[in-house]
Amino acid sequence: MNTVLIIGGGQAGGAAALALRRHGFAGTIRIIGQEPLPPYERPALSKGYLLGTTPFDKLVLLPETLAAEQRITLTMGVAVTAIDRAARQVTTDDGQRLDYDALILATGGTARALPGAPVDDRRLFAIRTARDAGLIRERLADARSMLVIGGGWLGLEVAASARKAGLAVTLIESGPRLCGRALPPAVSEILAGLHARQGVDLRIGVAPADIGADADGVHARLADGGVIHTDIGVIAIGLRVSDDLAAAAGLAVHDGVLTDAAGRTGDPAVFAIGDCARVHHGVHGAGLRLESWQNANLQAEAAARALLGLPDAAPEIPWFWSDQYDLALQILGTPDPIASPIHRGAPDTGRGSLLWCDPAGRLRGIAALNAPRDVAMARRLIGTGLIVDPARAADAGVPLRDAVLAAM
Ligand SMILES: Cc1cc2nc3c(=O)[nH]c(=O)nc-3n(C[C@H](O)[C@H](O)[C@H](O)COP(=O)(O)OP(=O)(O)OC[C@H]3O[C@@H](n4cnc5c(N)ncnc54)[C@H](O)[C@@H]3O)c2cc1C
């Protein structure tokens, strides 16, 4: 294998290139990325970068100097338009045809559009790229009010940043609760309380019927008859996965490029990683497509190892974080969406944890609110046979390690 081509210069693409070099691959690595920026990480876009406290260079994971040092060719501002799997070549929108021995798809996705509500550069925004976040940031300085459409992670983080910047914020979520797809109800309730206390006007369970923007600002008519008028609006209703290129090349896709745990597609020369990949682990019938920082890194590592014939890395416990106002929320493991969690400390007021155990009492997942020590301990407990004593675990005065009873 002489040449690895990576399509997509986001987090997973950048991490895969670095992992290949770290594991000793000496051949050609080229990243082709549509955005005219070096590979960067997105989490700060809705947090510090939006507020102007985190500069762009802190987001970059593969700056040009490091790329040159690592002999990774960055071809940025260029999109791949087709993959010819028989010839092992890709075509780009600037007319190049480039050969590969192995191809890694790391194309992520784009912000899902709200039908009938076209985004512009002044009033109604999407939030996926550094450009999007930069445009919103410019308006945070002079706008007085914001409508956020979507009560998932992204919408909530944008709402928190806008409140920090002093804007009046209204947030619409058409589902029955905040972060309904990703989080158990107990955490949704805590987040709703937090945002309400911070002055966000939450409209939950209400769909927008009509959203438009004109010189006067953003206007929304809601299905319940409500009318909202704000200076600016942000649409944060999820991701449209970028799997069209793979589909056109005859690879299997189903809301994501279908892969095994190491990112292998049906073509041994083609891998897919990060937000664009749907992984079949054997246990999830429909496969699992994750959109997280940890997942992008783990899949980049897994694909690099598989390409180089190295053994798999040890599995890691799923982890996700979000920062909203002064709340650092971390989710580790697999919180149960149905079972009632143990309340440790005072999670309702932003200092404590929710712990989910299986019927035998083994810890399965934790949602920690400003409680990093609980996360560190949970990391050591999850996946072991150790049984948690619910009464002791509920007492924040007892270190979590002392709330463990015995092994199964
Ligand atoms: C605002 C924001 C905040 C987030 N916050 C968190 C957080 O707090 N915690 C967390 O765990 N996760 C967070 N995430 C999720 C995390 O950033 C993503 O899971 C991660 O970026 C996925 O990386 P990726 O490389 O798969 O996709 P991306 O980072 O989207 O990169 C894909 C790249 O491929 C390019 N591309 C697509 N098609 C082509 C083509 N045909 N040719 C060339 N290039 C192409 C795209 O332009 C893009 O640059 C956040 C995401 C966003 C948007």
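The values are calculated or read from the model by the stated rules, or taken from the named source; none is laboratory data. Treat the numbers as computed from the prediction; the structure is a model and nothing was measured. Cβ coordinates were reconstructed from backbone atoms using ideal geometry, including for glycine residues, and neighbour counts include every protein chain displayed. In case anyone asks, the SASA skips ligands and DNA or RNA and just uses the protein heavy atoms, side chains included. Shrake-Rupley method; radii C 1.70, N 1.55, O 1.52, S 1.80 Å.
Would you mind stating whether Gln330 is in the same structural domain as Asp358 (by TED's automatic domain parsing), within 12 Å of the ligand (Cβ to nearest atom) and not acidic (Asp, Glu)?
Against the criterion (in the same structural domain as Asp358 (by TED's automatic domain parsing), within 12 Å of the ligand (Cβ to nearest atom) and not acidic (Asp, Glu)), Gln330 qualifies.
Looking only at strands (runs of 3 or more DSSP E) that fall completely inside the stretch 321-408, which ones have 2 or more residues that are under 23 Å from the mean Cα position of the chain (by Cα)?
The qualifying strands (runs of 3 or more DSSP E) are 327-333, 351-357, 363-369.
Considering only residues of the stretch 318-347 that are among the aromatic types (Phe, Trp, Tyr) and in contact with a Lys or Arg (Cβ under 9 Å, 6 or more places away or on another chain), which is most open to solvent (accessible area, probe 1.4 Å)?
Top of the filtered list is Trp319.
Out of the stretch 258-315, which residues are touching a residue at least 12 places away in the same chain (Cβ under 8 Å) and among the β-branched types (Val, Ile, Thr)?
Thr259, Thr265, Val270, Ile273, Val279
What's the total number of residues in the stretch 262-292 that are surrounded by fewer than 24 Cβ atoms within 10 Å (Cβ to Cβ), within 12 Å of the ligand (Cβ to nearest atom) and acidic (Asp, Glu)?
1
Give me the residue from the stretch 68-90 that is assigned to a loop (DSSP other than H, G, I, E, B) and more than 11 Å from Ile29 (Cα to Cα) and, out of that set, nearest to the ligand (Cβ to nearest atom).
The qualifying residue nearest to the ligand (Cβ to nearest atom) is Ala79.
Confirm whether Pro315 is surrounded by fewer than 18 Cβ atoms within 10 Å (Cβ to Cβ) and modelled with pLDDT of 95 or more.
no
Might you let me know whether the stretch 16-32 holds any residue that is within 10 Å of the ligand (Cβ to nearest atom), more than 20 Å from Ala126 (Cα to Cα) and not β-branched (Val, Ile, Thr)?
For the stretch 16-32, residues within 10 Å of the ligand (Cβ to nearest atom), more than 20 Å from Ala126 (Cα to Cα) and not β-branched (Val, Ile, Thr): present.
Let me spell it out: the conditions are (1) open to solvent by less than 70 Å² (accessible area, probe 1.4 Å); (2) modelled with pLDDT of 95 or more; (3) under 30 Å from Arg197 (Cβ atoms), and Asn295 meets all of them except one. Which number is the exception?
(3)
With open to solvent by less than 10 Å² (accessible area, probe 1.4 Å) and either assigned by TED's automatic domain parsing to the domain that holds Arg278 or at positive phi (or both) as the only criterion, which of Leu103, Leu171 stands out?
None of the others qualify; the one that does is Leu103.
Based on this model, can you work out whether Thr65 counts as at pLDDT 95 or above, over 30 Å from Met146 (Cα atoms), β-branched (Val, Ile, Thr) and more than 12 Å from the ligand (Cβ to nearest atom)?
Answer is yes for this residue.
Tell me yes or no: at least one residue of the stretch 230-241 is more than 12 Å from the ligand (Cβ to nearest atom), loosely packed, with under 14 Cβ neighbours inside 10 Å and on the phi < 0 side of the Ramachandran plot.
no
Residues of the stretch 93-110 being under 27 Å from the mean Cα position of the chain (by Cα) and within 21 Å of Met1 (Cβ to Cβ), which ones?
Result: Ala102, Leu103, Ile104, Leu105, Ala106.
Quick one: in the stretch 150-185, of everything that is closer than 27 Å to Gly225 by Cβ and of a type in the set (S, T, N, Q), which residue is modelled with the highest pLDDT?
Going through the qualifying residues, I end up with Thr170.
Would you point out which residue out of Arg401, Arg379 is basic (Lys, Arg) and within 18 Å of Leu329 (Cα to Cα)?
One residue alone meets the criteria, Arg379.
Scan the stretch 182-217 for residues that are assigned to a helix (DSSP H, G or I), touching a helix residue (DSSP H, G or I) at 6+ places or on another chain (Cβ under 7 Å) and open to solvent by 10 Å² or more (accessible area, probe 1.4 Å) and report the count.
2
Looking only at the stretch 218-236, which residues are part of a loop (DSSP other than H, G, I, E, B) and touching a residue at least 12 places away in the same chain (Cβ under 8 Å)?
Ala223, Asp224, Gly226, Asp231, Ala236
Determine if the stretch 38-56 includes at least one residue that is of a type in the set (A, V, I, L, M), within 15 Å of the ligand (Cβ to nearest atom) and part of a strand (DSSP E or B).
No; the residues of the stretch 38-56 include none that is of a type in the set (A, V, I, L, M), within 15 Å of the ligand (Cβ to nearest atom) and part of a strand (DSSP E or B).
Can you go through Arg289, Arg278, Arg264, Arg351 and tell me which one is in the same structural domain as Phe25 (by TED's automatic domain parsing), over 20 Å from Leu20 (Cα atoms) and out of contact with any His (no Cβ under 8 Å at 6 or more places or on another chain)?
The match here is Arg289.
Taking the stated definitions as given, is Leu103 farther than 30 Å from Asp323 by Cβ, of a type outside the set (Lys, Arg) and more than 8 Å from the ligand (Cβ to nearest atom)?
In short, yes.
Considering the stretch 108-137 alone, what residues qualify as being open to solvent by less than 10 Å² (accessible area, probe 1.4 Å), more than 9 Å from the ligand (Cβ to nearest atom) and assigned to a helix (DSSP H, G or I)?
Scanning the stretch 108-137 gives Ala130, Ile136.
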